[in-house]
Structures are given as C-alpha cells and as structure tokens.
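Right, one structure below, let's go through it.
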Amino acid sequence: MTEQAAPGALDGVTVIDLTNWVAGPYATKMLADLGARVIKVERRGGDPARNLEPFLQDEPGPDRSATFQFLNTNKEGIVLDLATDAGRAVLYRMTERADLVVTSSSPAVEEALGIDYASLQPHGDPAVVSLTNFGHTGPYRDYRLSETVLYAMGGEMFGHGLASREPLKLGGTAALLQSGSMAGLAAMGAITAREVHGIGQFVEVSLFEAQIASMDRRSSAILGYRFSGRIVQRPPGASSGIAGGVYPVEDGYVEVTASGGNYWNRFVEMIGAEELRDPKWSQPETARNPAAKEEADGVVYPWMLTHTRAEVWKAARDAHALVAPYFTGMDVFNDETFRGRGLWVEIDHPVLGRQPVFGRPYVLEKTPWQLRRPAPTLGQDTESVLAWAGLDADAVPTLRSEGVVA
Amino acid sequence: MSQYLPLEGVRVCDFSNVWAGQSVSMYLADMGAECIKVENPYIWNPMTRAAAPKLSPMVAAMITPWMGGHPNNDPGPRPWNNSPAFIHVLRNKKSFTVDSRRPEGLAIVKALIRLSDVLPENLALGTLEKLGLDDDAIRAERPDIIILHLPAFGKTGAYVEGRGYGAHIDSAAGSSILRGYADLGPESNTQIFAGDYWVGVHGAFAVMAALRHRRRTGEGQTIELSQVECSAQMFPQAALDAAWNGREQHSIGNRSVEGYVPNGVFATRGDDRWIAISCRSDDEWRALTMFMGRPGWAMDDALSTVTGRRANETMIEERIAEWCAGQDRDELFHALQKAGVTAGPVLSARDAADDQHLAVSGAWTHLPATDDYPETDWVSPAYRFSKSDVRIRTSPALFGQHNDYVYRDVLGCSEDEIARLTEAGHIRDTFDQSVIDGA
C-alpha cells in the first residue's frame, strides 16, 4: 500500500479537520484520499464514530469500527481539548499554517469552543467550511438530526415506499454521506477560490439543505409541485410498467425496466419469449392494463425463476436490456469484476491487521486515488503535528500532563 | 477577477445527460465555469430534457410530478424547456445546438473543444467514438483537456455492455437490498435513485481536483467514474461487514445502523402525515419518556440502556406508534426537539415549499418567468460562500438559448457562416419536427 510514485491532485493542501461522526469526516476523507494533508482533531475519548458498527469480529473498540476506518483513511490524528485556552492556542497555531478548516459542530458548540468563523478567521484567514444540521440562522438552527430524520425532512422519503405503508429510509447512513459529500465539494470550491483568488472565506453547508437541494426527487419534486400543484406520492404497488420492478430469480433478485419500444424488444430478446414479440406489448394502453401485466408475468416469472442472478445479468448484457442484479454487500465485496478493476484495497493497521477497505471511487489517470495510511489511532500523530505547529518539544509534556493533548 | 468564482475562466464542453451527468456540470457551473451544453436538434436523448419531446397534458398528468409536473400541468409546445426533473439542472448553463453527426457540425464541436477545459460525458457507450470523438481525437484538439466519463458499470471489465439508469445502478451497487420493508421481500421495493446525487457530486469533485493538477502542471487527464462502483461506497457498513465479518446485511426497514433505539417513522393525525423519531442516546430516551409522561411500560429499568431497548424494540415501536397516532405532526416535531429528542416531519414537496425554516434560510432563489415556465422560487445551491458568488446567477438554459453567444462570441463565426449553419439546420431553437413526431 506504499507504492506511491504518482502525485496526488491535492498534494500540498493542508486541512484542519474538526469534524465528527459521519458527514463531516466523509467530506474531509474526499480531500485526504486525493493527497491533501488532513489533520483530524479529536476530543479526549475520540470521535464517537469510533463506536459505530460494524466492528471486526463484532468486538467494539476504538480502532475496531469498520465505519470509522472507511471515513478516516489517509488522515493524521491528534487529540486536543478545545475546551481549554491552551488547546485553542494550539489549534490556532495549526490554522495559521492551514488552507482550510472544516467543522461539524452545532452553532452553539462552535462558539463555545472558539471554532466559529469569527474566532478562526484572525488566525491565518483560512477557508472555513462549516457543516451544521440546519445552518446558522432560522427556527431549526439548534435542532437535532439523525440519519432517519435528515432523510425524512430532506423531501425524498415521503415518496419512497408503498402508499399503504410508512415512508422508508435508505440503507445505512446514505443521507448523511450524501450531505457530507456536498460539503466535500464545497470544500474543494473553497480551496480553489483560495488558490486562484487568494481569499479565505466562510462556506456554510446545512445537512438539511444538502438534501433538499439535490436533484433526485427533492428539488425536482419541489419544483414540480410549484409548477403543477401535484406532489410526489408513494405508489400503490411496486411494479412499474408491463414487466418492471423487482423479480425473484433462482438465487436472489433482479431489477427490471422493460417499458415500450427498444427496451421491451431487448427484454423479450433476453428471455427469448416469442409470444411477447407482438407489437401490442409496446402500446401505452397495454402498459396500463393489469390483465396484460398478468399475462406477461406468466411468461416472465417462470423464466426468471429458472435462471440465476449471474445468468440473468449475463443475458441482460448480451441483449443490452435494462436489467441488473440485486447485489448484497457480500456481492459487492466478492464480485470479480469489481475486484479486477480495483474497487478494493487493503489497509495494514496496528490493531486490525490487514483488512479490505473500499479503494478508489473513480479513476483519476494522472493523479490516482491512493491509500497512504489507515485511519489514525487515537493521538497517533500528536507529537509530529505539534512539532509542525511550531510548539517547543519542551512544552509538550506539560500539555500532556494537563490533559490538553493526548 | 470579479465575484471570486472558483472556476472563473474554466469552460466546459458539456456532453452530459440524464441526472448524474447533468448534475456534474451543474455543480461546475455553480462554481463559475462557463458550461456550454451541446445539443442536437435531430436527436432525442432519453431522460435528459423531458420524459418525451411531445407531451399532451393528459399524458403528462400520468407521469410522476418530479418529472411530469410541467407548469399548470400543460407541457405546451416545448416540454424540453419545463420538465421539473431536468430544467433545474440547467441553471447557470448555456445551451447551443449543432448536428455533430455531419462534417461541418463535427468541425464546430471540435472548435468548441479547442476552447474548452473540461469535457464531461455519459452518453451511451460508444456514442462519442461513433462521432469520431474518442479520447485521442478529443485530445488532438485540446491536449490538456480534462475528460470525465461516467459509465454505468465501468469502461473495462465484464460489465461494459451492461445498461442502466438510476434504479439499476442502485440495485448493483448494493443499495436496493438495504432498503424496503423488513417484513416484506425485495419484490415490494419501489425505485429510488440514490446514486444520482452521489455520482453528480463526486464527478464534479474529481474534475475540480484534476483542474488543480492542471493549474500546477499544465497536464490534463481522463477520469473514469463507474457509477456503480462509486455509488457502492454510499453503503460502507454493509460492504465492510461482508468484507470483515462475512455477514450479509439486508433491509432493517426504518431502524438505525447508528445504534439508536428507538428509531422509526410513525403516523400522526391526519392524512399521510408522518414523523421520524430517533433516540440517539440514553439521555434522549429519558427525555422522550419524560415528555410522554413517564408511561408505565417505559419505566422498566431494562429499557434505560440501548441494549435493553434493542431487546424490546418491536414493543417500543408499537407503543410510540400508538402515542403518535392522535398528535399533530408539526406540534410534536417542535415539542420533541425542544424536549431534547431528535425528531422531524416527513416533508412532502408541498411541506418543503411551505417550510418556515427554508423560507428564511436562503433555500429559494426567485427567478423570472420565461415563455416556457412562470416566475417561481427555485432551489438554491446547498453551499453558501461568503465571498465567492456561488449561487444561481443565470436562469436555466432553454434549448438553443445561447446559440448567438456561442457561435458569435465564443467560436467567432462570421455572419455568413452563421447564416449557412442556420440554413443547414444546425442553429435552431427547437428540436426538429422529426424528433417531435418520434420519427
């Protein structure tokens, strides 16, 4: 994992990372993974994300969380108590030397710790990206969020699921990660503006608005309502079109879209169903006729149930049909094509040993995504970061004994 | 050097389509790039400007509102200029038309490439090659250009021939298996396109990283973003549980992977009104039970820890559902938050449009009417820069709206050339009738 000759796109960028949990650390991971020097500042006891499942062999421990590993690859780590004057003095020495500071505390905590923009700006005029639940103004400013509440308020959940049932969340912490990625993009904008125009500035990302502002059924649904007065609702049933939706196969499930025209023809080709070739199957009226759907399913189901997911997926590719397998996490990990293309890499960690983690999310030809190190253990880089910040080596034992650093 | 825009002076020759691709270039345009969308009046790209080039009010009304909710439920003669799914991603962009399949059209595209810094594309695999615009040909015009490809399943490997929109990418990325009702099978899943958000943001991020490398070295590069591989990383808990522990995760409905119990979505008074509630700590659980008036069932000491609550999760959910059923959603939301419990309403599009917080937070940008849509509030970019003018600076680009600017000011065509290209049908402000008729 140390075979690194290629340059990183963000070599030379220094980021002070004051974020916790999921969204903020994902934003700074995006920067670290492309070569930025990201110094993760943890409170005493560490980022609570160290307690996030899953753990290696299901045993909790500060360095055993897979989620924490994922979120913090390529970062350095220091433990610093920002509730103390001495701790803040160390922080401000660090910001003097940094391009960007990223925070993810509530507005009240930002002020209490002296990491709000007004407090940080005099110390090096860094760009500051602040992730908050709901921003710094407005009636919800101090409200709490979870993954589920974020997705609920974000505007997409209302239309996800069945009309007869409760609205549904996404898997895992997808909404937090999405909003975090938006903050990562904003951070890239702030770094660029700093390098091109020589300015520091304050960049605000509210997790709530980073859901509302997304195209996919959030801003589009809101604009659709403003235009038409109609609101997106959960559908009464899961199927879509004449042969469409999730079908069971011999060993799992597949997602099928086979509405009229080309995609219908390719689908029919894929399952080799001569009886479905008739042009009537591509008529819009047919698609809305429940009896026709039942008739088609009478052909589609038996075919599906006698083929494996791999067989269906191969047939779909051969026919260029809009059909894809329902992959589980096991599939994503074991899939030979993903592996062969480099989706997975391995960390070598003092506690975890060698473990697989996600590799590059995209292939940058000249400045590749690189795994340089696993997530930091608690305070792993405290000494070297303090030296970089210009602290006298003599001062460090006192800071340690007073609990300011660890 | 006005406005401190991060991507001032960067030009994007935009071949992106659908949502993922068009949101990549939208983010670049937000950041200040001059994004010129290349449009062909003789080709209809599915899911890029509207559900279809000809749409009666009756058909539009049958299409889900995020796509078919055209102004006053009447798409009018130019549905491609007012589908809510697609007109929004054209903010801050410019649109010009050219039939790139004809030699003189291809020459125009190449001239634009020579003047461009970034070329994002997610056309069907092989489309650009058929036009004679493979990477080498693009680079022959502009050696330091940054090319972004967004294939659904990768440009190499066994899945190259796979075809997919959002639902299929979601499916193969391991997303769909993790959502759905825990008591029903995946057959009951409806479609969602979680990957579009993710791919749009990551594509723009990767381009901006590559632009930085180019500023420092003069070197351009090609970026390949496989949508399925990128989107899979939105679900690290399930993938890493598989990789580290050999465990296969399935949907847990609305329960939490963050360790919160209870965590769910509950019906409140009225029609289709729901509230999400999470107890993120034992303190929040105590706050919730205090707020509920310390009901007897909740006072069991075993429930004071998350382990104890997890053992009784179904019972707790049933009690909370009963308790929520008669209450007003929004009163409960504010009261729970003030009591120290994490809660929030499940906002419909109407609720979001009426939301009191979004009304004052800068979430909306009011834009004037055009011939194709009325004046209304549009959703602002989610990031607020204190100095850089990153916001909706220009209204969404109507089809062919910037032909004059692109042909005259960018490409420097003469009046004669413009007349000739107009005569030949390259420069148009509508799709060709053959496209509209579906011929």
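How many residues, within region A:251-310, are among the aliphatic types (A, V, I, L, M) and in contact with a Lys or Arg (Cβ under 9 Å, 6 or more places away or on another chain)?
5
Which residues, taken from region B:263-273, are at negative phi and surrounded by fewer than 23 Cβ atoms within 10 Å (Cβ to Cβ)?
Selection gives B:Ala267, B:Thr268, B:Arg269, B:Asp271, B:Arg273.
Any chance region A:41-62 includes a residue that's within 15 Å of the chain's Cα centre (by Cα) and within 17 Å of A:Pro356 (Cα to Cα)?
Within region A:41-62 (the criterion being within 15 Å of the chain's Cα centre (by Cα) and within 17 Å of A:Pro356 (Cα to Cα)), the answer is no, since none of the residues qualifies.
Which condition number in (1) open to solvent by 20 Å² or more (accessible area, probe 1.4 Å); (2) touching a residue at least 40 places away in the same chain (Cβ under 8 Å); (3) not polar (S, T, N, Q) is the one that B:Pro57 fails?
Unmet for B:Pro57, out of (1) open to solvent by 20 Å² or more (accessible area, probe 1.4 Å); (2) touching a residue at least 40 places away in the same chain (Cβ under 8 Å); (3) not polar (S, T, N, Q): (2).
Can you name every residue in region B:201-226 that is part of a helix (DSSP H, G or I) and at the interface with chain A (Cβ under 7 Å from one of its Cβ atoms)?
B:Val201, B:His202, B:Ala204, B:Phe205, B:Ala206, B:Met208, B:Ala209, B:Ala210, B:Arg212, B:His213
All but one of (1) within 7 Å of another protein chain (Cβ to nearest Cβ); (2) buried (at least 22 other Cβ atoms within 10 Å of the Cβ); (3) modelled with pLDDT under 95 hold for B:Gly195; state the number of the condition that does not hold.
Unmet condition: (1).
Quick one: in region A:212-253, which of the residues that are open to solvent by less than 40 Å² (accessible area, probe 1.4 Å), at the interface with another protein chain (Cβ under 7 Å from one of its Cβ atoms) and among the hydroxyl-bearing types (Ser, Thr, Tyr) is farthest from A:Lys280 (Cα to Cα)?
Filtering region A:212-253 for residues that are open to solvent by less than 40 Å² (accessible area, probe 1.4 Å), at the interface with another protein chain (Cβ under 7 Å from one of its Cβ atoms) and among the hydroxyl-bearing types (Ser, Thr, Tyr), the one farthest from A:Lys280 (Cα to Cα) comes out as A:Ser214.
Inspect region B:309-322 for any residue being touching a residue at least 40 places away in the same chain (Cβ under 8 Å) and within 11 Å of chain A (Cβ to nearest Cβ) and give the result as yes or no.
Yes, region B:309-322 contains at least one residue that is touching a residue at least 40 places away in the same chain (Cβ under 8 Å) and within 11 Å of chain A (Cβ to nearest Cβ).
Tell me which residues, restricted to region A:344-366, are facing another protein chain (nearest Cβ under 9 Å), open to solvent by less than 30 Å² (accessible area, probe 1.4 Å) and in a strand (DSSP E or B).
Passing the criteria: A:Gln355, A:Pro356, A:Val357, A:Phe358, A:Leu364.
With (1) among the small types (Gly, Ala, Ser); (2) under 30 Å from B:Leu150 (Cβ atoms); (3) within 32 Å of the chain's Cα centre (by Cα) as the list, and A:Gly379 as the residue in question, which single condition is left unmet?
(2)
Pull up region A:312-327, narrow it to residues that are without any contact (Cβ under 8 Å) to a residue 60 or more places away in the chain and either polar (S, T, N, Q) or farther than 16 Å from B:Ile169 by Cβ (or both), then point me to the one that is surrounded by the most Cβ atoms within 10 Å (Cβ to Cβ).
Per the criteria, the residue is A:Ala319.
Could you look through region B:134-186, keep only residues that are assigned to a helix (DSSP H, G or I) and polar (S, T, N, Q), and pick out the one that is surrounded by the fewest Cβ atoms within 10 Å (Cβ to Cβ)?
B:Ser171
Can you list the helices (runs of 4 or more DSSP H) lying wholly within region B:335-439 that have 3 or more residues being within 24 Å of the chain's Cα centre (by Cα) and at the interface with chain A (Cβ under 7 Å from one of its Cβ atoms)?
Ranges flagged: B:349-354, B:356-360.
Might you check whether a residue that is within 14 Å of chain B (Cβ to nearest Cβ), within 20 Å of the chain's Cα centre (by Cα), of a type outside the set (S, T, N, Q) and buried (at least 23 other Cβ atoms within 10 Å of the Cβ) occurs anywhere in region A:74-92?
Looking for residues that are within 14 Å of chain B (Cβ to nearest Cβ), within 20 Å of the chain's Cα centre (by Cα), of a type outside the set (S, T, N, Q) and buried (at least 23 other Cβ atoms within 10 Å of the Cβ), one finds none in region A:74-92, hence no.
Can we say A:Tyr301 is open to solvent by 10 Å² or more (accessible area, probe 1.4 Å), outside any helix (DSSP H, G or I) and not hydrophobic (A, V, I, L, M, F, W, C)?
no
May I ask you to say which residue of A:Thr137, A:Thr148, A:Thr173 is among the β-branched types (Val, Ile, Thr) and surrounded by fewer than 24 Cβ atoms within 10 Å (Cβ to Cβ)?
A:Thr137
Filtering region A:367-404 down to residues that are assigned to a helix (DSSP H, G or I) and without any contact (Cβ under 8 Å) to a residue 60 or more places away in the chain, which residue is nearest to A:Val345 (Cα to Cα)?
Residue satisfying both the conditions and the ranking: A:Glu383.
Got at least one residue in region B:410-421 being in contact with a Pro (Cβ under 7 Å, 6 or more places away or on another chain), assigned by TED's automatic domain parsing to the domain that holds B:Leu115 and either at pLDDT 95 or above or more than 30 Å from A:Phe134 (Cβ to Cβ) (or both)?
Looking through region B:410-421, none of the residues is in contact with a Pro (Cβ under 7 Å, 6 or more places away or on another chain), assigned by TED's automatic domain parsing to the domain that holds B:Leu115 and either at pLDDT 95 or above or more than 30 Å from A:Phe134 (Cβ to Cβ) (or both).
The values are calculated or read from the model by the stated rules, or taken from the named source; none is laboratory data. Since we're looking at a predicted model, the values are computed, not measured. When we count neighbours, we look across all protein chains shown, and the Cβ atoms used for this are built from the backbone with ideal geometry, even at glycine. To get the accessible areas, we keep the full protein, side chains included, count just its heavy atoms, and leave off ligands, DNA and RNA. Shrake-Rupley method; radii C 1.70, N 1.55, O 1.52, S 1.80 Å.
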